[in-house]
Structures are given as C-alpha cells and as structure tokens.
1. Any chance you could give the angle, 0 to 90 degrees and rounded to 10, that helix 138-155 forms with the longest Cα principal axis of the chain?
2. Once you've got the GNM for the chain with C-alpha springs shorter than 10 Å, pick whichever of 280, 234, 100 has the biggest mean-square fluctuation.
3. How large is the accessible surface of residue 297 in square angstrom, using a 1.4 angstrom probe and rounding to the nearest 10?
4. Please list 3J(HN,Hα) in residue order for region 82-89, calculated via the Karplus relation 6.51 cos²θ - 1.76 cosθ + 1.60 where θ = phi - 60°; whole Hz, with x for glycine and proline.
5. Given q = 0.20 Å⁻¹, what are the Debye log10 I(q)/I(0) values for region 22-126, with equal point scatterers placed on the Cα positions and solvent ignored?
6. Hey, which lysines would be in cross-link range of residue 57, C-alpha to C-alpha under 28 Å, not counting anything within fewer than 8 residues on its own chain?
7. Just the ratio, please: alpha-carbon radius of gyration of region 64-168 over 2.2 N^0.38 Å, N its number of residues.
8. With every protein chain left in place and a probe of 1.4 Å, what is the accessible surface of residue 91, to the nearest 10 Å²?
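The values are calculated or read from the model by the stated rules, or taken from the named source; none is laboratory data. The structure displayed is predicted, hence computed values, not measured ones. Cβ placement follows ideal geometry from the backbone for every residue including glycine, while neighbour counts extend to all protein chains displayed. Keep in mind that these areas ignore ligands, DNA and RNA; they rest on the heavy atoms of the full protein, side chains included. Shrake-Rupley method; radii C 1.70, N 1.55, O 1.52, S 1.80 Å.
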Amino acid sequence: MINRKQFLETTALAAGAMALAGAAGALPKTPKKPGYELNIMATDWGFPGSLDEYCAKARAAGYDGIEIWWSLEPQRQSAIFEAIGKHGLKVGFLTAGSDPDATAHLKTFIQMVDGAARNTIQRPLYINCHSGRDYFSYEENKAFIDHTRALSAETGIKILHETHRSRMLFAAPVARHYLETIPDLRLTFDVSHWCNVSESLLQDQAATVALALSRVDHIHARIGHPEGPQVNDPRAPEWEQAVKAHFAWWDEVIQRKKANGEVMTILTEFGPPDYMPTLPYTREPLADQWAINVHMMELLRKRYA
C-alpha cells in the first residue's frame, strides 16, 4: 500500500512539471535588446542549515545569487560576504524596520538600507524594502520612499519597495495612490499579497495592476490565491487559474525588460510553514519547499532566458 510520502513524491514527479508548465501558457516572443539579463535568486527563508550550506546548495541548484536580510552586525555581514564570495553568488539585500513608532521605524530602516547600499565589499544587484507599515500615514510612509529615491540616485543601486501585506503597499488600491503621486517609485512585485488582501485574482483591478507592472524591477515569484498568499504546490492542477494569472503578470514585466534591454531579477519565494500549509497535529508540510522553489527557478529560466 502506498504511503503518504510516496504518494506526494509520485504525483509531484509524474504530473507536476507538465501541469505547471502547461498552466503557465505560451510566452509571446519578444526580441531581446542587448543588456537584457536574467538573474534568479534563492531565498534563505526556512533553510535549516548553515549560511555556507545554503549558498552551496543554491549554487549547486543553478541559482545566480541569493536574497538575504542585511544585518547591522559586522560579524554577520562578514559571514554573508564570505559565503557568497566562496560560492560565486550575486546578492540582493532585504531591509526593513520594526518599531510601531514611525520615527523610530524609519531610523532603523535608514541604518539598514544605507549600510546595504554603501557597503564596499560586494555591490548588490538590488535592495528590496519592506517599507513602512499599513497603519502609518501617507506622509510617514512617503519618508521611506523619499530616502531611498535619494540613496538610489547617489549609488546607482535599484532600491525597490515590495507589495507586501502589513507594509505601505499592502493592497492594490492603496499602492495605486503612491504610484500615481510618486512617478519614480519602483517596485518589488509580490502580487500574491494583493490576491490575498483583495480575495481575488484582481480581475476587477486591471488598471491598477497594469500601472504597478510598469514600475516593476524585481519579482517575488510565489503564487497566491484569493484565500491565501501561497498555494500548497503550484504543480498541482487545481491551481491552474492562479498559476496562469501570475505568469501572465510576470510575462508582461519580462517582455518590457527584454524590449528595453534591462537587467531582471526574480526570487523564487515559496515559503516554509506557516506559509506552507501543514497537516494538523504533526505540522508536516504538504510539499517540499526547496523542491518547489528549484522547480520554479528551472521553469522561469527556461521561459524567460
């Protein structure tokens, strides 16, 4: 009698790859101008091993680099640069603040983003910001954007603000106001959050999504759905509509980058429990997080190279 582990492995291998690739649909052919380059990054979110083990596994899997939190601790900074240097990986840094007071929050955020941008060891491909909070005022949140606009102009590094729940761009209609009033606001596009917040695949907010897509420089490639920020396994056929919607959005970004001859970065960001659904009582994950992310990386590279 087949056990649960064997069932998961068999069904994923037999049908998963074909189902996911098929659900994504055909990609329109777009000529690539010189300068177009695709970099796919690995997340350390949920990785159980050491930093060196993580970088080694990312390199062996075929990733171009990693996305990792910038640290204010010099010892951690040294460890990150040593690991990515040893394994020949590019890097994108994550920055944020956490204080519920907007002034204190911004102070920490500035320390992080300035440190990441001005480090002299390895220049990041980009800096991704978990910016502000959903309960800060527009002016309080705008201070985060104003600082990064000036820092990006100074350093030439892409400094991007993520469409993330609990942060300033947590929902499509809220983000639209920032996009309309700040013409050079650039995004990390994690649309799974917007699907969750709006409890839809955003069919009724096409104009807002189109505006957002025109500002995207980095993608967090996780597939959400109307009731959550992450499907349990994108290879499963029941998620075809969600997969199709996400790839249609990502395709539009890639076509623009190819046409303009620009560098594109993508993070495969399927997460561990509790983003990954689990069985009750045992909390056993319903799918293999690392395997899903590698599968997404391979599919994205084949589709967007």
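1. 90
2. Fluctuation is largest for 280.
3. My reading of the accessible area for residue 297 is about 0 Å².
4. Result, ordered by residue: 5, 5, 6, x, 4, 9, x, 10 Hz.
5. Results for region 22-126 at q = 0.20 Å⁻¹ read -1.04.
6. 5, 86, 90, 158, 302
7. 1.06
8. Accessible area of residue 91: about 0 Å².
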